[in-house]
Amino acid sequence: MRTIFILLTFLGTMLSCKNSENRAFSETESQKDSILYKSSDKNYTASYGSNSRLYLTNRKNDTLINIMEEGVAPNSIKFEDFDGDGNNDLKYGFSSNYYYEKVWLYNQKEKSFRVIDSIDNPEFAYSKKLENSNFYYSFSPNGCGKNNWISFLFSIENFKIKPKGFLEYRQCVDDEKGMYVYKIANGKKVLVEKVNLKEADQKDLNQNWKKFINKIASP
């Protein structure tokens, strides 16, 4: 009888230890996969976890996006109407030597999101839609302590970027200073105009592109 009691006590201790291990494991996993930051609108919630995965869910808690994303920048996840169709799209950036972003456009017909191909190139960072047009423009520092910069004008066709124009702003001592305006034709840059820095400084990127768009592409 005493032997049976000892065996039962031993088994109980083992099970108790095992349960403690399971609880500790679960707590560790929970901490490992905790949500670092998230953003929501009235229909969707995007969250980024310490497991480096980005999730997008709808109001029914259906998972629409579940993807490994290394280095998503804190608080960069946002919902905004990127393409101006009246529906919020998903946009987020990455922490790196260069800042770059991904944009997932909302597809009204399929009720789903699809990423814009190649937009996560640093040259297309900080992209915005050009007012009263079907084009977009980017902004990317380009050396000289970030005082030089470049900007692409592009369209989005079938979720792919189609470059149309290019601005290159130079103001370092050793540069040939000015803002250079290029048209992109057949993948090649063609200089359209050079603008002095004083004139370029008086306008923001949106205004610069509105000024030159007729020399590059039809709005």
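The values are calculated or read from the model by the stated rules, or taken from the named source; none is laboratory data. Note that the structure is predicted; figures quoted are calculated from it, not measured. So basically every Cβ, Gly included, is an ideal-geometry build from the backbone, and we count neighbours across all protein chains shown. Heavy atoms of the whole protein, side chains included, go into the accessibility calculation; ligands, DNA and RNA do not. Shrake-Rupley method; radii C 1.70, N 1.55, O 1.52, S 1.80 Å.
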* What number of residues within the range 186-203 are under 27 Å from the mean Cα position of the chain (by Cα) and part of a strand (DSSP E or B)? -> 2
* Asked: Taking Ser47, is it farther than 27 Å from Lys162 by Cβ and at pLDDT 95 or above?
  -> yes
* To do: Could you tell me whether the range 119-136 includes any residue that is basic (Lys, Arg), surrounded by fewer than 16 Cβ atoms within 10 Å (Cβ to Cβ) and under 17 Å from the mean Cα position of the chain (by Cα)?
  => yes
* Asked: Of the residues Phe82, Phe154, Phe139, Phe124, which single one is on the phi < 0 side of the Ramachandran plot and touching a helix residue (DSSP H, G or I) at 6+ places or on another chain (Cβ under 7 Å)?
  -> Phe139
* To do: For the range 35-72, name all the residues that are in a loop (DSSP other than H, G, I, E, B) and either more than 14 Å from the chain's Cα centre (by Cα) or at negative phi (or both).
  => Asp41, Lys42, Asn43, Ser50, Asn51, Ser52, Arg59, Lys60, Asn61, Asp62, Glu69, Glu70
* Asked: Hey, among the residues in the range 154-173 that are touching a Leu at 6+ places or on another chain (Cβ under 9 Å) and within 16 Å of Ile184 (Cβ to Cβ), which one's surrounded by the fewest Cβ atoms within 10 Å (Cβ to Cβ)?
  -> Pro163
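Residue by residue, here is whether (1) free of Cβ contacts under 8 Å to residues at least 24 places away in the same chain; (2) open to solvent by less than 30 Å² (accessible area, probe 1.4 Å); (3) in a strand (DSSP E or B); (4) of a type in the set (A, V, I, L, M) holds:
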{"position": "Pro74", "(1), (2), (3), (4)": "no, no, no, no"}
{"position": "Phe82", "(1), (2), (3), (4)": "no, yes, no, no"}
{"position": "Asn97", "(1), (2), (3), (4)": "yes, no, no, no"}
{"position": "Lys109", "(1), (2), (3), (4)": "yes, no, no, no"}
{"position": "Phe152", "(1), (2), (3), (4)": "no, yes, yes, no"}
* **Selection count where residues are closer than 22 Å to Ser133 by Cα and surrounded by fewer than 11 Cβ atoms within 10 Å (Cβ to Cβ), scope the range 183-201** => 2
* Output the number of residues of the range 135-186 satisfying the condition of being of a type in the set (A, V, I, L, M, F, W, C) and closer than 19 Å to Lys211 by Cβ. => 12
* To do: Just need a number here: residues in the range 112-144 that are in a loop (DSSP other than H, G, I, E, B), under 14 Å from Gly93 (Cβ atoms) and of a type outside the set (A, V, I, L, M, F, W, C).
  => 5
* To do: Quick one: which residue in Val115, Val103 is under 14 Å from the mean Cα position of the chain (by Cα), open to solvent by less than 40 Å² (accessible area, probe 1.4 Å) and hydrophobic (A, V, I, L, M, F, W, C)?
  => Val103
* Enumeration of residues in the range 52-68 that are open to solvent by less than 40 Å² (accessible area, probe 1.4 Å) and either in contact with an Asp or Glu (Cβ under 8 Å, 6 or more places away or on another chain) or among the small types (Gly, Ala, Ser) (or both) -> Ser52, Leu54
